[in-house]
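Here is the structure we will look at, set down as structure tokens.
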Amino acid sequence: MKNILIVDDEDSIRQSLEGILNDEGFRTAFAATGEECLDKIQTEDPDVVLLDIWMPGIDGLETLKRIKQVRPNQLVIMMSGHGTIETAVKATRLGAFDFIEKPLSLEKVLLSIQNGMKIGQLVAENRVLKEKIDRDYQMIGDSQPILRLKKQIKIAAPSAGWVLITGENGTGKELVARAIHQQSRRADRTFVEVNCAAIPEELIESELFGHEKGAFTGATAARRGKFDIANGGTLFLDEIGDMSLKTQAKILRILQEHKFERVGGNRTIEVDVRVIAATNKDLQEEIKLGNFREDLYFRLNVLPFVVPPLRFRKEDIPKLCSHFLQHFCGKESRDIKSISNEALHALMSYNWPGNVRELKNLIERLVIMTPGQEINTADLPREMTEAQSETEPLLFGQNQELPDSYRDAKELFEKQFLLEKLTKNNWNISRTAEEIGLERSNLHRKIKSYGIEPE
């Protein structure tokens, strides 16, 4: 039964409403003053509050204001026999759902309660869905690369700057984009995702900008595009490196002018959108090849983020495994499975070319296919157990003797680590320094001290 709190200083009104609402299947509670109402809010946990405006002590508007301070989502319907338009507007601004004039109409009271409960249910469902999305897209891990990335997000998210996220497939670029949106000033607005690689070239403009009726064969009605839908919020352009040069030119115009026309239309539409782009490609190399516009690259690359691959944050694997086990065991309605120490060691010895996505898919498969409650090395794919046996004896490389001291071992590892990173980034010092979290001048000193040179 839904609980209705009736707040009115007139006993006759409280009794009349009690009889009506009880007959309709509601449970009722009462308060005669605003102060009593604030106490009853805590003890009765009402679904709806019917609140009179004119009462002794604090009036209904002040009571409404205090209710919203402690319970922002509380559904409140105001009642008054001396209502004016000004009073109704003020009550609405303070958060009232509806305003009913006295003498009360039975039909209007019930209709207002029913409508309010429908809205309340939608708000509650939306809140639960948002919490679920936040859980599903949270960034798991406390390794140094992830902590550094989270710190960068916290600094950059509140700004209005455009963002370019780079990283290998499966590293979690979408998670970074959503984290930036959730910590931005647009968090309560729309987050719209577009996978540029998944949309056919002939449809990408219609998808992004929308189209007018009759713009092309099959356009039987006008349609809003993703930029229009994301107005006021965030637009995430995933795999932007796969976008054609023609579409890139239109994206650049929107970033410059904040306006566009739909396909087949001539009406200019102005938008306020924060663009976050992501790619697994080296855009500077794509620029050299003539596949990506240099001016668009510099427009997007205001706030660059590099998402580390899983092989550079292997200490996060235990936490990721635990998170995915809980997620998929819950999804499959099974008891939470565990992973043996030997199996976990094998997972941490593997290089994960598919990154976190590969690990997530593996855990889902193991949850479904492993008959026991514990996942062992025998349950793992052969390439992972082989990777463990191959990598365990090797510390620095094949046929290379171990250094005699810890200091020498540390220096040798650091030299090889820097050489690998520099080679991967084509000896771009700035990009390498950003990826590994070193100051550019500090990286220069280390290169000089180790005598590292391009091979």
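Here are a few things to note about the model shown:
- Positive dipole terminus of the chain, leading residue within Leu235, Phe26, Thr190 (C-beta point charges): Leu235
- Summed residue charge, Cβ within 15 Å of Ala378's Cβ, Lys/Arg positive, Asp/Glu negative: -2
- Multiplying the residue separation of Lys319 and Ser105 by 0.36 nm and subtracting their alpha-carbon distance yields 71.2 nm.
- Here is the size of the chain from its Cα atoms: Rg then Dmax, 30.0, 95 Å.
- Extension gain, Met369-Asn115: 0.36 nm per intervening residue step, less the Cα-Cα distance, totals 86.7 nm.
- Under 13 Å from the Phe216 label point (7 Å along Cα→beta-carbon), backbone N, the stretch 249-269: 263-265
- In terms of its C-alpha gyration tensor, the stretch 151-201 has an oblate overall shape, because the principal axis ratio a/c (a ≥ b ≥ c, square roots of the eigenvalues) is not below 1.5 and a/b does not outweigh b/c.
- Taking the Cα centre of the chain as origin and assigning +1 to Lys and Arg Cβ atoms and -1 to Asp and Glu Cβ atoms, the resulting dipole is close to 1220 debye.
- Förster-model FRET efficiency, 25 Å R0, Ala249 and Ile429, C-beta, rounded to 0.05: 0.20
- The mean of 1/r over all pairs of different alpha-carbon atoms in the stretch 106-247, once inverted, gives a Kirkwood hydrodynamic radius of 18.1 Å.
- Beta bridges per DSSP with both ends in the chain, % antiparallel, nearest 5: 10
- Entry note, the chain: the mean residue ellipticity at 222 nm calculated from DSSP H runs of n ≥ 4, each adding -39500 (n - 2.57), is -15000 deg cm²/dmol after division by the residues and rounding to the nearest 500.
- For a straight C-alpha distance cut-off of 18 angstrom, the lysines reachable from Lys151 (same-chain residues fewer than eight places away being disregarded) are Lys173.
- Computed from Cα atoms, the angle from the helix 106-136 axis to the main principal axis of the chain rounds to 10 degrees.
- Seen against the Cα atoms of the chain and their longest principal axis, helix 34-44 is set at about 60 degrees.
- Residues with amide H under 5 Å from that of Val273, placed H, sequence gap 5 or more: Gly232
- The chain: angle of helix 173-182 to the longest principal axis, Cα-based, in degrees nearest 10: 30
- Judged by the mean number of other Cβ atoms found within 10 Å, the most tightly packed of the peptides 255-264, 316-325 leads the ranking 316-325, 255-264.
- Average Cα contact separation per residue, the chain, under 8 Å, 6 or more apart, as relative contact order %: 11
- Prolate/oblate/rounded call for the stretch 3-132, Cα gyration tensor, a/c under 1.5 rounded: rounded
- Among Ile113, Val70, Gly81 the positive-end extreme of the charge dipole of the stretch 3-132 (Cβ point charges): Val70
No lab work stands behind these numbers, since they all come straight from the coordinates. In this text the structure is predicted, and so the values were computed from the model without any measurement. Every residue, glycine among them, receives a Cβ derived from its backbone with ideal geometry; neighbour counts consider all protein chains shown.
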